[in-house]
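Asker: Take a look at this one; I'll ask things after.
Only the coordinates and a few stated rules stand behind these numbers; no lab work does. No experiment lies behind these values; they were computed from the predicted model shown. We place every Cβ from the backbone using ideal geometry, glycine too, and count neighbours over all the protein chains shown.
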There are 2 protein chains.
Amino acid sequence: MKREIRILGFDDASFDKFSDRETLVIGCVFRGGLWLEGVLTDTVTVDGDDATETLLRMVSRSRFRSQLQAIMLDGIALGGFNIVDISALAEKSGIPVIAVMRDQPDLGKMHRALRKLGKERLIPLLAKAGTIHNDGKVLFQVASISPEEAARMLRMTATRSDIPEPLRVAHLIGAGIGKGESTGRA
Amino acid sequence: MKREIRILGFDDASFDKFSDRETLVIGCVFRGGLWLEGVLTDTVTVDGDDATETLLRMVSRSRFRSQLQAIMLDGIALGGFNIVDISALAEKSGIPVIAVMRDQPDLGKMHRALRKLGKERLIPLLAKAGTIHNDGKVLFQVASISPEEAARMLRMTATRSDIPEPLRVAHLIGAGIGKGESTGRA
């Protein structure tokens, strides 16, 4: 695997779950774990159901589209409980997807939240995201890529912390926009 | 000079000069030319006169404040013709300032624009920014630092292009927020 492959990492900006209807999504195109090459932005509805569609639109608009080797997500939700259908994202974009988590997700809590929001139809996406793998540093789920290949990409891009650079930097930008200053996540 | 010194680079987000009253300012805290450690945001008035004050507020709020070895600016204006008083910024923050330019600024055009905007009082800041130095890659002006020391910092942080990383990345973020996708500046 070339160290300079292009990877697109997504995270959302900090938002106020009581007052914000939308939040910004930040996409960072990274060359391996080495340097930032482009930044994309768009919005998703807080606790809505447009996350998959928004990410597909962002990928399709990017001039780096044809060169992307993977899409990385911080978990499988953006803007609160706006769940991403990672297999649909991988299939429709033609790009493998790796969803990265620090901790085991609380699926019971997510089920209850989705029910409370009247978004029961998103619940199957939680199971559809498949097995949660563990590479010793982070947990991850995959679509259109083997767990072994995904683990290699995670290791290669986590040059500054346990978190792959495309996600670490998307998080810093999202936090900086939402709060005025990012708090470290190293 | 340690390769991992902290430097804060500022740029503005893309804006529509006919319709936007304010634009976002992005600050990137970098460890040398190596990696992004924090992102700050605030706003300035388009063609206003609050740029110096905004940057001072951003620096003073940053948790990295006491560790910053330099502030880098993309030119000496933000949000159109909102001119930064680089010596006041350096003196009041206690941090040296380096303003970086790709091309020789058109001072005649800037004078005319400031007069047209009724901001004649900002015109002296253009001369106050001092001699324009040339390190063979970029042009720069300095406050509270020697041109030699500034040139060393520029070389050390320009790891991916002629532009120091704190400014290259602040520009990518600003363009990505303003337009939905940054255009390369490498």
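Asker: Could you tell me the calculated FRET efficiency between A:Asp162 and B:Ser146, based on Cβ-Cβ distance and R0 = 56 angstrom, to the nearest 0.05?
Answerer: Working: r = 40 Å, r/R0 = 0.72.
It comes to 0.90.
Asker: Find the chain B residue whose Cβ sits closest to the rotation axis that carries B onto A, and give that distance in whole Å.
Answerer: B:Ile173, 3
Asker: Note down the relative contact order for chain A as a percent, whole number, built from C-alpha pairs under 8 angstrom at least six residues apart.
Answerer: 25
Asker: So which of A:Lys92/A:Lys116; A:Lys179/B:Lys92; B:Lys17/B:Lys109 end up more than 21 Å apart, counting from Cα to Cα? If you can, show how the numbers build up before the last one.
Answerer: On the way: A:Lys92/A:Lys116 30 Å; A:Lys179/B:Lys92 24 Å; B:Lys17/B:Lys109 16 Å.
Long pairs (Cα-Cα over 21 Å): A:Lys92/A:Lys116; A:Lys179/B:Lys92.
Asker: Turning to a different aspect of this structure: Can you give the extra length, in nm with one decimal, that the chain gains between B:Phe18 and B:Glu91 once fully stretched, where that is 0.36 nm per residue apart less the Cα-Cα distance? Can you show the working numbers first?
Answerer: Numbers: separation 73, 0.36 × 73 = 26.28 nm, distance 3.38 nm.
Separation in residues times 0.36 nm, less the Cα-Cα distance, equals 22.9 nm.
Asker: Of A:Leu117, A:Leu172, A:Leu24, which has the largest mean-square fluctuation in a 10 Å C-alpha GNM of chain A?
Answerer: A:Leu117
Asker: Using a label point 7 angstrom from Cα along Cα-to-C-beta, what distances in nm, from shortest up, separate B:Lys116 from the other copies?
Answerer: So the distances to the same position in the other copies read 5.5 nm.
Asker: Treat the protein assembly as shown as a sphere of radius equal to its Kirkwood radius over Cα pairs and apply Stokes-Einstein at 37 °C in a medium of 0.692 mPa s; give the translational diffusion coefficient in µm²/s, rounded to a whole number. It would help to have the intermediate numbers written out before the result.
Answerer: Values: Rh = 21.4 Å.
Once the numbers are plugged in, D ends up at 153 µm²/s.
Asker: Going by C-beta contacts inside 10 Å, put A:Thr52, B:Thr43 in order with the fewest on the left.
Answerer: Details: A:Thr52 22, B:Thr43 16.
Sorted ascending by nearby Cβ count, the order is B:Thr43, A:Thr52.
Asker: In whole Å, what three semi-axes, largest first, describe the equivalent ellipsoid of the stretch B:76-125 built from its Cα gyration tensor (square root of 5 times each eigenvalue)?
Answerer: After scaling each eigenvalue by five and taking roots: 21, 14, 8 Å.
Asker: Using all C-alpha to C-alpha distances in chain B, build P(r) with 10 Å bins and read off the rounded percent in each one.
Answerer: Percent of Cα pairs in each bin: 10, 40, 39, 10, 0.
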